1. Only residues that are of a type outside the set (D, E, K, R) and more than 17 Å from the chain's Cα centre (by Cα): list them for region 93-110, please.
2. Keeping to region 143-173, report how many residues are of a type in the set (S, T, N, Q), away from ligand 3 (no atom under 16 Å from the Cβ) and more than 25 Å from ARG111 (Cβ to Cβ).
3. Do the conditions hold for VAL28, that is, is it more than 27 Å from VAL231 (Cβ to Cβ) and either modelled with pLDDT of 95 or more or surrounded by 15 or more Cβ atoms within 10 Å (Cβ to Cβ) (or both)?
4. When region 147-161 is examined, which residues are found to be surrounded by fewer than 23 Cβ atoms within 10 Å (Cβ to Cβ), away from ligand 2 (no atom under 14 Å from the Cβ) and either among the basic types (Lys, Arg) or in contact (Cβ under 8 Å) with a residue 24 or more places away in the chain (or both)?
5. State which residue pairs qualify: first residue without any contact (Cβ under 8 Å) to a residue 12 or more places away in the chain and inside region 110-126, second residue open to solvent by less than 20 Å² (accessible area, probe 1.4 Å) and more than 9 Å from ligand 1 (Cβ to nearest atom) in any location, beta carbons under 8 Å apart, and separation of 6 or more residues or different chains.
6. For region 225-257, which positions are assigned to a loop (DSSP other than H, G, I, E, B), under 19 Å from the mean Cα position of the chain (by Cα) and not aromatic (Phe, Trp, Tyr)?
7. Checking ILE216 against (1) open to solvent by 50 Å² or more (accessible area, probe 1.4 Å); (2) in contact with a Ser or Thr (Cβ under 9 Å, 6 or more places away or on another chain), only one condition comes out false. Which one?
8. Find the residue count for region 44-75, including only residues that are farther than 24 Å from VAL241 by Cα and open to solvent by less than 70 Å² (accessible area, probe 1.4 Å).
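The values are calculated or read from the model by the stated rules, or taken from the named source; none is laboratory data. Bear in mind the structure is a predicted one, so any value in this text is a computation, not a measurement. Don't worry about glycine lacking a Cβ; one is built from the backbone with ideal geometry, like all the others, and counts go over all protein chains shown. Please note that ligands, DNA and RNA were not included when accessible areas were found on the heavy atoms of the full protein model with its side chains. Shrake-Rupley method; radii C 1.70, N 1.55, O 1.52, S 1.80 Å.
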Amino acid sequence: YRAKRERTGWAAFDPRVDEDASARLGMVNDLRAAIEEGELTVAYQPVVDLETATATGAEALVRWSPAHRGPQSPASFVPLAEQSGLIAGLTDFVLRSAAGQAAAWEGSGRRMPVAVNLSGAVLADPGYPAQLTRTLRELRVAPSLLKVEVTETTLVNESAVSALRRVNAMGIRVAVDDFGTGYSSLGRLKQLPVQTLKIDRSFVTGLPADRRDIAIVRSIVALADELGMNVIAEGVETEEVARLLWDLGVRRGQGYLFARPMPAVAFEAWHDRWLRGDRADWHAAVA
Ligand code: C2E
Ligand code: MG
Ligand code: MG
Ligand code: MG
């Protein structure tokens, strides 16, 4: 805080700063305990093929709901974990849960590869690919049942990219998450070990009205086609949007229209209903 105070010329003592710092420390300690004691959980959200209306996979999303605080958003506690050295443990928990779940699903006839979000800080560890290999062997999970998602920011880091290349070489497919919001150069994209672009939700929520969003989605689809990559649209909330995405060439989507992230058991119930044909009728519109 000292540097910040000097820059901004804050008064020597600001009680809010101390309060913030100690609240933060309290959160970090609770999060550390939650990871050690196995109190985190994982929610699974399906990715749906817009053409066949089948669930082609799921994304694993970490959940934390400390008793005295209530549910916490990963958008705030994941960055906290990254800043406080807890991200490796958090990721290991999510990865083991996701890989184990994908294998259990496969074993019961439900082929459902699961994607795990990997922070740049995790991939920056040169030992990570070897650790991942060991974990999958230990759990007896085929690498093809696991996928990883990284953000564009991660792809700017050379050592993270070389770790990712090794992960990809193991047979684990890689997606760029929140695509379009970062600063990755398009020229570089072609050299990266990436198979899928996930169009960020911020370009999907403005559909169908926002012509700029339409232009952005169209450009990402064209780019992916040229590079031989797949596209997944995030944040698909309405049939109207799903239909427009289809018209724009997007073939897979993820969002509340299909299902929210759910515990594994609820995911299975959702999937069974879905397979029985209890699907949103947007499909009739695109088929
Ligand atoms: P993300 O990887 O882009 O995940 C998608 C987020 O969008 C999830 O939020 C999901 O619940 C939300 N979402 C899905 N469909 C819709 C929709 O139709 N409408 C709206 N409004 N939202 C939708 P969530 O679970 O809160 O996670 C937020 C972010 O936290 C994730 O964004 C990811 O960056 C990070 N995160 C979550 N779990 C993990 C994890 O295990 N490891 C790491 N490193 N990051 C994680
Ligand atoms: Mg993701
Ligand atoms: Mg995303
Ligand atoms: Mg996103």
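1. Within region 93-110, GLY100, ALA103, ALA104, TRP105, GLY107, SER108, GLY109 meet the criteria.
2. Of the residues in that region, 3 qualify.
3. Spelling it out, VAL28 is indeed more than 27 Å from VAL231 (Cβ to Cβ) and either modelled with pLDDT of 95 or more or surrounded by 15 or more Cβ atoms within 10 Å (Cβ to Cβ) (or both).
4. VAL156, ASN157, SER159, VAL161
5. Here the result reads ARG111/TRP105, each pair linking region 110-126 to a residue that is open to solvent by less than 20 Å² (accessible area, probe 1.4 Å) and more than 9 Å from ligand 1 (Cβ to nearest atom).
6. Within region 225-257, MET229, GLU234, GLY235, VAL236, GLU237, VAL250, ARG251, GLN254, GLY255, LEU257 meet the criteria.
7. (2)
8. Here the count works out to 7.
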